[in-house]
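Worksheet for the structure shown next.
The values are calculated or read from the model by the stated rules, or taken from the named source; none is laboratory data. Note that the structure is predicted; figures quoted are calculated from it, not measured. Methodologically, a virtual Cβ is constructed for each residue, glycine included, from the backbone with ideal geometry; neighbour enumeration extends over all protein chains shown. Please note that ligands, DNA and RNA were not included when accessible areas were found on the heavy atoms of the full protein model with its side chains. Shrake-Rupley method; radii C 1.70, N 1.55, O 1.52, S 1.80 Å.
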Amino acid sequence: MKKVVITGVSGRLGPYVVEHFVEMGYDVLGVDITKPKQTLSKFMTVNLMNIGECYGALAGADAVVHLAAIPVAYSHPNEVTFQNNVMTTYNILEAAAGLGIKKAVIASSESSYGIVFTKQNMEPQYVPMDEDHPQRPEDCYGLSKIVAEKTAEMINHRCGMQIVSLRIGNIIATDMYKNFPGFIRESNKRRNILWSYVDARDIAVACRLAIETEGLGYIALNLSADDTSMDIKSSELMKAEFPEVKDIRVPLDNYHTLLSNEKAKKVLNWQPIHSWRDNISNI
Ligand SMILES: NC(=O)c1ccc[n+]([C@@H]2O[C@H](COP(=O)([O-])OP(=O)(O)OC[C@H]3O[C@@H](n4cnc5c(N)ncnc54)[C@H](O)[C@@H]3O)[C@@H](O)[C@H]2O)c1
């Protein structure tokens, strides 16, 4: 049985990833600075800002899935968010490299493209936004994710560790579907996340596939559902909120996602299966 360390297990996404790896037969050690509400696996309290603690947590592991972070801009002073997200990723990957671990996944974000936390009305250059779209954040969170990605690339260059950086869209835990009726018909809500979402259970599967797939080297992959989180057609959303964006690269049939997930589907043989449209009634 393979041993995997998962960081950030006390947050929104962590429990779903732990549960899935356990179900798939992995020996899981969850780590976080705070204790999880439920016991889904072995757990260790670790401050990932301390590289010694990272070595201690990773000893004997075959792979690491690094989810821990401050997950938004402006919830903390800028330098706190930047330092936490950059140094936790550096420490966990440096320790993994030192211990000879061969596979890692890190949680990056759609925020790295810059539109999510823009205060200057930045627009996408084209949609669906794929992994080649420029990353031009104004905020410390988006930048922290870019530095984390560059750190992963550096570690891959140094020792060949396979590292998959998942640029995740808005994470939806199962208890969040009840919030959808509050925004699905208002185009100005969720505009800056391009109305993206992805179910935490689908992300968990992508994390496992990113560990199990061979030969990926360093790669960044967007993760989103196939559809938007809205009850307004995607072409209408673009006309209403981003009328200047003319570079629309695929036919936007119905509710087609505007954060491209094509690369993850191809590279990982991943298919998101949970849609909000199946999770709420009477929309
Ligand atoms: N929430 C979203 O919609 C979203 C979207 C895209 C990407 N992401 C990324 O996905 C990952 C998971 O997001 P989430 O929503 O579950 O976040 P969350 O805040 O709910 O959970 C993150 C966990 O990381 C832990 N953590 C933070 N700093 C730590 C440290 N120094 N040492 C140990 N533990 C630490 C926290 O205690 C927390 O339990 C994050 O990397 C986030 O940036 C989130």
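See the values below:
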read-out	value
Rounded percent of accessible protein surface that carbon and sulfur make up, the chain, 1.4 Å probe	50 percent
Packing rank of 97-108, 76-87, where each peptide gets the mean count of other beta carbons within 10 Å, highest leading	97-108, 76-87
Angle in degrees between helix 200-212 and the longest Cα principal axis of the chain, rounded to the nearest 10	50 degrees
Per-residue SASA entry for residue 146, accessible area with 1.4 Å probe, Å² rounded to 10	30 Å²
Residue 43 accessible area, assembled protein chains, probe 1.4 Å, Å²	60 Å²
Accessible surface ranking that places the most exposed of 194, 216 first, with a 1.4 angstrom probe	216, 194
For the chain, with +1 on Lys and Arg beta carbons and -1 on Asp and Glu, the positive-most of 36, 120, 74 along the dipole	36
Size of electric dipole in the chain: Cβ of Lys, Arg +1 and of Asp, Glu -1, about Cα centre, debye, nearest 20	300 debye
Normalised per residue, the volume of the convex hull around the Cα set of region 122-214 (Å³)	129 Å³
Peptide ranges 226-238, 12-24 listed from the most packed, as the mean C-beta count within 10 angstrom indicates	12-24, 226-238
Largest to smallest principal axis extent of the C-alpha atoms in region 1-158, angstrom	47, 37, 30
Rounded accessible area per residue of region 3-279, 1.4 Å, Å²	42 Å²
Reciprocal mean inverse distance between Cα atoms of the chain - Kirkwood radius, Å	19.0 Å
Qualifying lysines (Cα of each under 28 Å from Cα of residue 233; at least 8 residues distant if same chain)	119, 178, 189, 246, 263, 265, 266
Residue (of 248, 271, 187) at the positive-pole extreme of the chain, dipole from beta-carbon charges	271
